[in-house]
Amino acid sequence: MNKWVLPLCWTAVLLDGFDLVVLGTVIPTLLQEQVLTTASASAVSTAGLVGMMLGALVIGTVTDVIGRRKVMIYAVAGFSVFTLACALAQDATTFGVFRFLAGLGLGGCLPTAIALVNEARPQQGGRATTLIMTGYHVGAVITALLGILLIPRLGWQALFVAGAVPALVLIPLMLRYLPETVVRKAPAGEAVGSLFKPGLRKATVAFWVASFMGLLLVYGLNTWLPQIMRSAGYELGTALALLLTLNIGAVVGLLVAGAVADRVGVRPAAIGWFAGAVVFLALLSIRLPGVGVYVAVLLAGCFVFSAQVLVYAYAGRVYEENRATGIGWAAGIGRLGAISGPLLGGALLTAGLAHPWGFYVFAVVAALGAAGVAAVGVRAEAVVPGVR
């Protein structure tokens, strides 16, 4: 294994994770300063997620045809430039355009990074995928921390600048050290068609359902958790601290989930993690005293985010032939869930139902995610010997 693959991909995913929660971190301030309304904030979030969906679908497939290295470098450069541009936005339309363009790169980054590390560590698919995804949530934790530190002193614009600057170091390192992988010569259409070959059709649809549900949870919670907690009576500082806690839980959960998946199998681990998400999301509907709310949010983060990552790990095991295409399409279709999550959270907030009913809704979504993983079935696993 080239020693640079993991740290470079992990750092790229960290920047991707930074962007995951940056909008949720600045939304309370943007609403307070009347830069956005609740409705326009949902629209801006949706624009970014549409970009991510298109990026995952197109770039995830293209990388199986032209190679991973170029795709990764272009993706990081693209989302960094347009994340920086968000600092200049003064209205919902401009915000939406820049978030859409950043989303194209963000959507392509993740499946490419997962494919690279799976190829570098083929015998540790579960652990490799969850390890790379710790970067995603470390980035989210850093965003929440920087939000607490920077927004009161420098304004919300500083957070977007902070998310773009690291690319000035990362891209030159990628140009120098990131290796190229074997390039498939088959057309992109053939790569997509392979996802529906005999034995994989049902699995492909099941992965899409599971990814839809998982990303609905990830983006719904990361976009609206601070505002939901504000509506439940918590102070802004506490609400942002809970977002930080959620993503710390995600990192802890990923470290545990990868080891469990490689030991007992990715499929049962993913089902179990979605089931855990059901329990702790439902628990958040209760206004817990003192440290109790932090413990519940931490545990919800442990299960919610790892469940979605285990879907990617499972797809990486099943789609050995066109790994980036399989993961890219699961992520891309899943982005419809990512779009639905912020819209659902915004609708619940607008209706005054976000707490406690929002958490019951999210618990039901997690249960449907578990059903999606279960529906992949043993026939698909038999296509790739040794998949558990």
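The values are calculated or read from the model by the stated rules, or taken from the named source; none is laboratory data. Only a predicted model underlies this, so the values are computations on that prediction, with no experimental measurement involved. So basically every Cβ, Gly included, is an ideal-geometry build from the backbone, and we count neighbours across all protein chains shown. Accessible surface areas use protein heavy atoms only, side chains included; no ligands, DNA or RNA. Shrake-Rupley method; radii C 1.70, N 1.55, O 1.52, S 1.80 Å.
Only one of A41, A75, A89, A12 is within 28 Å of L349 (Cβ to Cβ) and touching a Leu at 6+ places or on another chain (Cβ under 9 Å); which?
The conditions single out A41.
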Looking at segment 309-329, is at least one residue polar (S, T, N, Q) and under 18 Å from the mean Cα position of the chain (by Cα)? yes
Members of segment 27-60 that are surrounded by 24 or more Cβ atoms within 10 Å (Cβ to Cβ), more than 17 Å from L343 (Cα to Cα) and modelled with pLDDT under 85: A56, I59, G60
Does T129 satisfy the criteria of being more than 30 Å from L236 (Cβ to Cβ), among the polar types (S, T, N, Q) and in a helix (DSSP H, G or I)? yes
For V76, state whether it is open to solvent by 30 Å² or more (accessible area, probe 1.4 Å) and either in a helix (DSSP H, G or I) or in contact with a Lys or Arg (Cβ under 8 Å, 6 or more places away or on another chain) (or both). no
Can you find, within segment 238-259, the residue that is farthest from V22 (Cα to Cα) among those that are among the β-branched types (V, I, T) and either touching a residue at least 40 places away in the same chain (Cβ under 8 Å) or open to solvent by less than 10 Å² (accessible area, probe 1.4 Å) (or both)? V256
Within segment 198-229, tally of residues that are part of a helix (DSSP H, G or I), modelled with pLDDT under 80 and either over 17 Å from S45 (Cβ atoms) or in contact with a Phe, Trp or Tyr (Cβ under 7 Å, 6 or more places away or on another chain) (or both): 1
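Return the residue satisfying two criteria in turn: it lies in segment 211-235 and is of a type in the set (S, T, Y) and over 17 Å from G332 (Cβ atoms), and of such residues it is most open to solvent (accessible area, probe 1.4 Å).
Going through the qualifying residues, I end up with S231.
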Answer yes if at least one residue in segment 131-146 is open to solvent by 30 Å² or more (accessible area, probe 1.4 Å) and at pLDDT below 80, and no otherwise. no
Of the criteria (1) modelled with pLDDT of 85 or more; (2) part of a helix (DSSP H, G or I), which one R69 fails: (1)
Among (1) part of a helix (DSSP H, G or I); (2) in contact with a Gly (Cβ under 9 Å, 6 or more places away or on another chain); (3) surrounded by fewer than 19 Cβ atoms within 10 Å (Cβ to Cβ), which single condition is A275 missing? (2)
Looking at segment 347-379 only, could you name the residues that are open to solvent by 40 Å² or more (accessible area, probe 1.4 Å) and touching a Leu at 6+ places or on another chain (Cβ under 6 Å)? none
So W208 clears everything in (1) in contact (Cβ under 8 Å) with a residue 24 or more places away in the chain; (2) open to solvent by 10 Å² or more (accessible area, probe 1.4 Å); (3) more than 21 Å from the chain's Cα centre (by Cα) except one condition, right? Which one? (3)
With respect to F82, is the statement that it is surrounded by 19 or more Cβ atoms within 10 Å (Cβ to Cβ), free of Cβ contacts under 8 Å to residues at least 40 places away in the same chain and more than 15 Å from the chain's Cα centre (by Cα) true? yes
Looking at V297, V318, which is the one that is at pLDDT 85 or above, open to solvent by less than 10 Å² (accessible area, probe 1.4 Å) and closer than 26 Å to I66 by Cβ? V318
Can you tell me which residue among I171, I248, I142 is more than 27 Å from Y319 (Cβ to Cβ), more than 19 Å from the chain's Cα centre (by Cα) and in a helix (DSSP H, G or I)? I171
